[in-house]
Amino acid sequence: IITLIISLIVGAFFAKTITKPVRELTRKAVLFSNGDLTVRFSAKRKDDIGELYKSMDSLAVNISNRIATIQTMNKIDKAVNSSLSRNELIKRVIGFIHDQFPDSIQVVFEKVYKGYRIALMTQPELFPANRIIPSVRFPKKLVESNSPVFTLSNEILGYLDANLPYKISGYKGISIPLVVSNHIAGYFVFASDNISERDRETLLLLADQIGVALHSQKETEERELMYKGMLVALSRSIDAKSKWTAGHSERVANHAVEIAEALDLGEKALQEIRIGALLHDIGKLGVPEEILDKPGKLTDNEYELIKTHPLLGEEIIRDIPQFDQIRLAVRYHHEHWNGSGYPEGIKKDSIPLIARIITVADVWDAITTDRPYRKGYSRETSMNIMREEKGNLFDPALVDLFLKLV
């Protein structure tokens, strides 16, 4: 009986030493499976249970890392599909990677003619952005195949700046080619105090996403260049209706954008204002050249025909999608602050801001350049005319701002 009792006590003791850690392991496993990816499995035991803990911890780290990588890739995909500028897209992508690897430094070297441009750096105080490094000075270590992990040194970094603060010398680094359309478009350089094989595999996946982002942005830029080229060509065809208005729409666009930039209206508004200014006179395609080039005073009928061009212009671009603001610019750019304009005679803030801006730029270019009925006024005279028409033709605040700019 004594032996049985002792055996039961000893058995219970050893059973407790096994069941307690197993129950704790099960509890943590349930938490992890329910989405708590911060759970880790650690035990100081050297037995089979300790090995089980170690295996579970390795599995948890791997799963957490893969989920984090998938989430980062998903964020990059969304950024690629958004309407971000090239620099903003690269900045956003690198930011996502930095969130996953907060104690690290990333640099994107974009391949350009005869060298590499620093497109973005998570610590710009180390690497001056937009600096171009000639290919002959670009470190061979950064273009090695298979993307090995190496130790960063002054010799590798010294090509950038003789006064460069070597804050990452001694870090582990990896350089991964960014492939776009089967061509290397640059390199993604990652530096940290340690880079595991798991990190390396993750970074290779994320570098592919950077390549996708660059490729998408390149296609977008090419489309935008074609789009802008077509708009400029169209504006020139409008101006070609009269020998006196050559370049008028482009000059108006440049002045209008200067006003919009000073107002800090944002990138989308700048694009709308530029397009609106380029196309503001598109309705003149429906006005005969003999009226546009008439050296003398227009008759009432001729003037009434001229006054139809804002509505004709709006009709021409009516069916172009996402042109709501541009249509407003075309329709209302001859409205006056005091309500004496056309086609509707609206006044003050009832006139859309985009039209008020273009009106200022349009009149400035009209009075400073030669027309069939007069020579262009001097700069000083033109500025006086603009001041005199504050509150009549123009929004006073916009005139004051524009005169400061010119």
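The values are calculated or read from the model by the stated rules, or taken from the named source; none is laboratory data. If you're wondering where the values come from, they're calculated on a predicted model, not measured in any experiment. In this analysis, Cβ positions are derived from the backbone assuming ideal geometry, glycine residues included, and neighbour counts consider all displayed protein chains. For accessibility, only protein heavy atoms count, side chains too; no ligands or nucleic acids. Shrake-Rupley method; radii C 1.70, N 1.55, O 1.52, S 1.80 Å.
Atom-type composition of the exposed protein surface of the range 176-241 places 57 percent of the accessible area on carbon and sulfur (1.4 angstrom probe).
Roughly to the nearest percent, how much of the accessible area of the range 250-374 is carbon and sulfur, given a 1.4 Å probe? Mind showing how you got there, number by number?
Numbers: 2980 of 5960 Å².
Here it works out to 50 percent.
Between Asn146 and Asn384, the modelled label-to-label distance comes to 8.0 nm, taking each label 7 Å out from Cα in the direction of the beta carbon.
Please work out how much length the chain gains when fully extended from Leu52 to Glu304, using 0.36 nm per residue of separation minus the C-alpha to C-alpha distance, in nm with one decimal.
On the way: separation 252, 0.36 × 252 = 90.72 nm, distance 8.96 nm.
Residue separation times 0.36 nm, minus the Cα-Cα distance, leaves 81.8 nm.
Under a 5 Å amide H cut-off, with hydrogens placed 1.01 Å from N, Tyr171 pairs with Leu152 among residues at least 5 apart or on other chains. Under 25 Å of direct C-alpha separation, and excluding same-chain neighbours fewer than eight residues apart, Lys284 reaches these lysines: Lys228, Lys241, Lys243, Lys294, Lys297, Lys307, Lys347, Lys375.
Karplus-based coupling profile of the range 331-340, in residue order and whole Hz: 6, 10, 6, 10, 6, 10, 4, 8, x, 8, with θ = phi - 60° in 6.51 cos²θ - 1.76 cosθ + 1.60 and x standing for Gly or Pro.
Rolling a 1.4 Å probe across the protein heavy atoms gives the range 276-391 an accessible surface of 50 Å² per residue.
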